[in-house]
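All remarks here apply to the structure that follows.
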Amino acid sequence: MSSLDPFYLVKEEILDSVKTLQATFTRWEQLSQSATERIVLSKELLSSCESIEWQVEELDRATGVTERDPARFSIDSAEIERRKQWTASTCRQVQSIRHNLHSATQNGSGIQLGMAMSDRRELMRTGENHLPNSNQTVDDGFLTDESGQQALLMKEQEEDLDDLSETIMRLGAVGLNIHEELSSQGRLIDELGNDMDTTATRLDFVQKHVSMVMKKAGWKGQLMAIVSLVVLLLILTFLIFSA
């Protein structure tokens, strides 16, 4: 297929995103449940999964449009089937990673809940005099963690918007290139049509001129012209085979 086919241009970007997603997921699996980096990577992975799934859905929708009128896009049924299989396979890969993330998040939530209950029982044992200070510390820590998570989430959303903006700009540039190529081909076709019209006009003029000459020459002139052409043909044939 053409290197300017939008499907394959977007496909290359998605393949790069999937490779990055798999590498990040491998790093995430190697971290412990309580690691801060694991929490950050979990949010990053979920955001990447959503972005990739959206791009794959757009490609699959475009393939559906092509399937309804393949002759218009000069694509056969085998190529359409390959595209559908690729989008389905990529979607399954991303959904598998998303499923593993959700499962791990649910397990991690259960562990964190147990730790929270243990901490609460420990606070109750420390006595009434120390309870206000302990509660104040827990509240401050909770507010700090919550503010940090919100700031991190806003930063990730801004990065996702920047990536989406870059993707849209690249797709727009590809569309402009395709438009320019089609316009150039249209101009070439127009020039070819004009050349054909000019050649046809000249040929018609020559034919009319030859007819007039033959009529003026009479049957003797026509006979002499035929004999001359036959002799010329024989000479050329002799020269060609003797060379």
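The values are calculated or read from the model by the stated rules, or taken from the named source; none is laboratory data. As the structure is a computational prediction, the values presented were derived from the model and not from experiment. Positions of Cβ are backbone-derived with ideal geometry, glycine not excepted, and every protein chain shown enters the neighbour counts. Accessible surface is based on the protein model in full, side chains and every heavy atom, while ligands, DNA and RNA are left aside. Shrake-Rupley method; radii C 1.70, N 1.55, O 1.52, S 1.80 Å.
Probe radius 1.4 Å, ligands and nucleic acids ignored: give me the carbon and sulfur share of the accessible area of the range 13-76 as a rounded percent. Ligands and nucleic acids excluded, carbon and sulfur reach 50 percent. Couplings 3J(HN,Hα) of the range 173-187, computed from phi: 5, 5, x, 5, 4, 5, 4, 5, 5, 5, 5, 5, 5, x, 5 Hz, in residue order, whole Hz [Karplus 6.51 cos²θ - 1.76 cosθ + 1.60, θ = phi - 60°; x for Gly and Pro]. Taking a straight Cα-Cα cut-off under 26 Å and skipping sequence neighbours fewer than 8 places away in the same chain, the lysines within cross-link reach of LYS84 are LYS11, LYS19. Converting phi to 3J(HN,Hα) with the Karplus coefficients 6.51, -1.76 and 1.60 and the offset θ = phi - 60°, the range 80-92 yields 4, 5, 4, 5, 5, 5, 5, 4, 5, 5, 5, 4, 5 Hz in sequence order, with x at every glycine or proline. Rounded to the nearest 20, the Cβ-based charge dipole of the range 152-208 about its Cα centre (Lys and Arg +1, Asp and Glu -1) stands at 620 debye. Both numbers refer to the Cα atoms of the range 1-111; Rg and Dmax are 17.3, 57 Å. Here the range 189-240 is treated as a sphere whose radius is the Kirkwood value from Cα pairs; by Stokes-Einstein at 37 °C and 0.692 mPa s it diffuses with a coefficient of 242 µm²/s.
Annotation: extensible slack from ALA200 through GLN222 equals 5.4 nm (criterion: 0.36 nm per residue apart, minus Cα-Cα distance).
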